[in-house]
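Report on the structure given below.
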Amino acid sequence: MSFTRRHVTSAWAVVLAVLLLGPALAPGYVLTYDMVWVPQLALRPDALGLGSALPRAVPSDALVAVLDQLVPGMLLQKIVLLGSLATAGAGGAALVPRLSLPVRCLVVSLFVWNPFVVERLVLGQWPVLVGYGVLPWLLVVGRRHRLEGRLPAALPVLLVLGSLSASAGIASAFAVLAIGLSGRRRLDLTLLGVVLAANAPWVVAGLLHSSVATSDRAGAAAFALRAEGLLPAPLTALGLGGVWNSEVVPVTRDGPLAVVLLVVLLVLTALGARLWWASTVRRDAVALALCWTAGWGLAVLSWAAPGVMAWLAGLPGGGVLRDGSRLLGLCVPLLAVLVGYGVQRLAALARDRDLRRLVTGMLVLMPLAFMPDAAWGSFGRLRAVDYPASYDVAREAVGDGAGADVLLLPFTSYRAPDWNGERKVLNPLGRYLRPDYVASDELRVARVLIAGEDPAGDDVRAALLLDTPDARARALAGLGIGTVVVDASGGEAPTVSGEELVRAGDLTVLGLSSPRASDPPGSWSVAMGTAWAAWLGCLVLAAATALRRRDRERRART
């Protein structure tokens, strides 16, 4: 591959990522649904898997807490968002190295500009997008691992980045095993070991929480694959859409443009399937087909058989699969590659070179033309904002919490504050503070209340139902809560007795007397320490492998 071809596709991926993010790249923090970034995230027990809640932010929070000691949180968020999208696009081009440059640019467009990316971006699931960004590279490097018979230095790093959450880790592990397993015992055991080590933090933390690691069965139907506009759910999934939250779906997905786009994609995939199959190693073709089948199959299963997903949610850890369309990213490699081969074949039918260039160039812009409202931060839905000064005042007043937890009131999960343009976001206050915090993880979806998964939440609700402010304060202190932060902009909250430490803007910080100290069992610390050592071992292994390879190349030259 020439220098020019490689860098043109990478540059196109960056251009598309910038156009997609738009105002999200301005100074400030993008706060949208589950995406909450703060100036400096504390490395606290819950980030290490030692909190009371399920490890949904393990290991992503720990990695961010370390990195934002080196890079400001505001800049780090831009790097992660822009890097994830651009890396996904460049990786898509790497999957089709033999196709023409315009066709490779079309593959880049499909990887960056599709409903899965846009919907997950607005929903704020950045660890999923990081995993999606490294997905095509895992396929490329996993194939090299199988063919060369040795571990590429990049593979452990890619797996670590692709496993920042449970669902992302599952997708990354499935993809790399589908393409990387070779049938050679030693090589396959090495690959399995690296996969397990990269996912060890969330897997071990999940096992430690297995007694409470079940999800509300009502969530199965609420989070199932959803039809968009004129397309039934299975066809919506074919076009990479179908997220459960209708609020994050681009408006164009509800109209005829989505139907036309799907028809065009299906025609091009059918046109390119034969050429792709004839020019691709069977093992690689089967791997892409397996990824597509897993992603689309699980999505459609959540729609067709919600009872099965409800049953899984009742099993420890089964709730990780309840979001029906979260693994649709696995479908993108095969879809984009087939479309690329389809356009390559279509271009070959045009004898006139100018006509061929015109048609191919127009198809490069096809994803943008059929979903224009994804541009510029989904038409301004993704905007960077500044936190109010009261957050800094509250952070200083709370301090390190003297080893006790912080309670956030009102005890609801999402906010739509004025300073965030009334855009909905998971309560950001807890992450802004330094100690562990207790916040509601109940979720209301289409008038259905989905119960939370943190047992501490149930205890807090019971304490807040007591008759008097003094009784509530004593009960909360008995739960290990030493500080209560009340946000008046969040609505009504039960009154709790306590010493008023500070009042700033809408925030009031109350100190409770004699909170009960609570530490995780020592065995938990040992287990998580081992898991984190394995996780860090992936990075050490990558560095050692790179150094050994460089030494071999140096000796070969001499």
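Some values worked out for this structure:
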| quantity | calculated |
| --- | --- |
| The lone exception for Gly490 - which of (1) at pLDDT below 90; (2) surrounded by fewer than 19 Cβ atoms within 10 Å (Cβ to Cβ) it fails | (2) |
| Selection within segment 241-271 - open to solvent by less than 20 Å² (accessible area, probe 1.4 Å), of a type outside the set (Val, Ile, Thr) and either within 18 Å of the chain's Cα centre (by Cα) or within 21 Å of Pro306 (Cβ to Cβ) (or both) | Gly241, Gly242, Asn245 |
| Single condition Ala313 does not satisfy, out of (1) without any contact (Cβ under 8 Å) to a residue 24 or more places away in the chain; (2) aliphatic (A, V, I, L, M); (3) within 27 Å of Glu453 (Cα to Cα); (4) surrounded by 14 or more Cβ atoms within 10 Å (Cβ to Cβ) | (1) |
| Residue in segment 465-487 that is open to solvent by 20 Å² or more (accessible area, probe 1.4 Å), at positive phi and in a loop (DSSP other than H, G, I, E, B) present | no |
| Hits in segment 390-413 (condition: open to solvent by 60 Å² or more (accessible area, probe 1.4 Å) and outside any helix (DSSP H, G or I)) | Asp400, Thr412 |
| Residues being closer than 11 Å to Pro494 by Cβ, among the small types (Gly, Ala, Ser) and in contact with a Lys or Arg (Cβ under 8 Å, 6 or more places away or on another chain) - total across segment 458-482 | 1 |
| Residue list for segment 215-228, restricted to those being crowded, with 18+ Cβ neighbours inside 10 Å and not acidic (Asp, Glu) | Ser215, Arg217, Gly219, Ala220, Ala221, Ala222, Phe223, Ala224, Leu225, Arg226 |
| Residues satisfying the stated conditions in segment 415-425, i.e. outside any loop (DSSP other than H, G, I, E, B), open to solvent by 60 Å² or more (accessible area, probe 1.4 Å) and either at pLDDT below 95 or not aromatic (Phe, Trp, Tyr) (or both) | Asp418 |
| Tally of residues being under 30 Å from the mean Cα position of the chain (by Cα) and among the hydrophobic types (A, V, I, L, M, F, W, C) across segment 508-533 | 7 |
| Options Arg444, Arg381: the member that is under 23 Å from the mean Cα position of the chain (by Cα), crowded, with 20+ Cβ neighbours inside 10 Å, closer than 20 Å to Ser246 by Cβ and basic (Lys, Arg) | Arg381 |
| The listed residue being assigned to a helix (DSSP H, G or I) and either touching a strand residue (DSSP E or B) at 6+ places or on another chain (Cβ under 6 Å) or open to solvent by 80 Å² or more (accessible area, probe 1.4 Å) (or both), out of Val460, Val496, Val502 | Val460 |
| Residue satisfying condition, being in a helix (DSSP H, G or I), among the small types (Gly, Ala, Ser) and within 19 Å of Gly206 (Cβ to Cβ), within set Ala24, Ala11, Ala62, Ala57 | Ala62 |
| Selected residue [surrounded by fewer than 22 Cβ atoms within 10 Å (Cβ to Cβ) and farther than 15 Å from Val80 by Cα] from Pro45, Pro39, Pro27 | Pro45 |
| The lone exception for Leu321 - which of (1) more than 25 Å from Gly229 (Cα to Cα); (2) modelled with pLDDT of 80 or more; (3) open to solvent by 30 Å² or more (accessible area, probe 1.4 Å) it fails | (1) |
| Test for Ala542: is it within 29 Å of Leu426 (Cβ to Cβ), crowded, with 18+ Cβ neighbours inside 10 Å and among the aliphatic types (A, V, I, L, M) | no |
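The values are calculated or read from the model by the stated rules, or taken from the named source; none is laboratory data. Note that this is a predicted model, so its numbers are computed, not measured. Positions of Cβ are backbone-derived with ideal geometry, glycine not excepted, and every protein chain shown enters the neighbour counts. Surface areas here come from the heavy atoms of the whole protein model, side chains and all, with no ligands, DNA or RNA. Shrake-Rupley method; radii C 1.70, N 1.55, O 1.52, S 1.80 Å.
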